[in-house]
1. Where does each of Val143, Val63 land when they are ordered by accessible area, with a 1.4 Å probe and the largest first?
2. Amide H of Glu122: which non-local residues (sequence gap of 5 or more, or other chain) have their own amide H closer than 5 Å, using H built in the peptide plane?
3. Net charge near Asp99, counting Lys/Arg +1 and Asp/Glu -1 over other residues with Cβ under 9 Å of its Cβ?
4. Using amide H atoms built 1.01 Å from N in the peptide plane, name the residues 5+ places from Glu90, or on other chains, whose amide H lies under 5 Å from its own.
5. Figure the gain on full extension for Ala55 and Ser175 (residue separation times 0.36 nm, minus the Cα-Cα span) and round it to one decimal in nm.
6. Once fully extended, how much extra length lies between Val147 and Thr109, figured as 0.36 nm per residue of separation less the alpha-carbon to alpha-carbon distance?
Amino acid sequence: CTCATCGRWAKTGDLPPYQAPEPRATNRRATQDTGQTMFTGIIQAVGSIATLQPAGGDLRLRVHSGKLDLADVQLGDSIATNGVCLTVTELPGDGYWADVSRETLDFTTLGGLQPGSRVNLEKALTPASRLGGHIVSGHIDGVGEVVSAVEDGRSWRYVMRAPDGLAKYIAHKGSICV
């Protein structure tokens with residue numbers, strides 16, 4: 001992890017330093033000046049997959065947005081689709097189109113979707129957004145497995161299994177997005 005004050009790497013055992021990818025040109029709106037899109041992780045609506053269209057090894061994905069109001073969404077905005085940040089490339093009126101890379105298909109649940117699959121949706125935060133949960137920023141690096149779900153008082157206790165290659169990076173009482 002990185003120290004928030006000085007930006008230097010903190011001691012975290014044998015974790016290698018993160019190698020950031022080269023910056024790419026983007027069509028993000030000027031209002032997203034941090035370079036990152038932020039989400040709370042709170043599902044705003046459930047949509048469905050309308051179309052899966054192969055495109056040069058990647059995929060074009062059309063999502064029916066269900067009850068998610070897209071009136072304030074513009075081309076280039078981000079919508080978390082099953083937790084995956086996707087950039088809106090078209091707005092046909094009842095949903096949106098997004099391009100999905102091969103890596104995203106390989107490392108997220110999006111690779112297993114079919115037309116009709118239900119997906120959780122959340123629009124990106126704006127500076128004026130009410131935070132109904134925690135801020136979520138980052139990338140999905142793998143798909144875990146629910147090992148068990150047991151009632152625990154008025155709550156549920158879930159046991160999850162992370163992929164072997166990622167499990168060593170998860171700290172006891174650390175945070176991950178599910």
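1. Working: Val143 75, Val63 0 Å².
Output order, biggest surface exposure first: Val143, Val63.
2. Distant-sequence amide H within range of Glu122: Gln44, Ala80.
3. Details: positive: Arg60; negative: Asp58.
Taking every Cβ under 9 Å from that of Asp99, the sum is 0.
4. Answer set, sorted by chain and number: Trp97.
5. On the way: separation 120, 0.36 × 120 = 43.20 nm, distance 3.47 nm.
39.7 nm is the gain from fully extending Ala55 to Ser175.
6. Working: separation 38, 0.36 × 38 = 13.68 nm, distance 1.68 nm.
In short, 12.0 nm is gained.
The values are calculated or read from the model by the stated rules, or taken from the named source; none is laboratory data. Nothing here was measured: the structure is a model prediction, and the numbers come from that model. Here Cβ is always computed from backbone atoms with ideal geometry, including for glycine, and neighbour counts include all displayed protein chains. Calculation scope for accessible area: heavy atoms of the full protein, side chains included, ligands and nucleic acids excluded. Shrake-Rupley method; radii C 1.70, N 1.55, O 1.52, S 1.80 Å.
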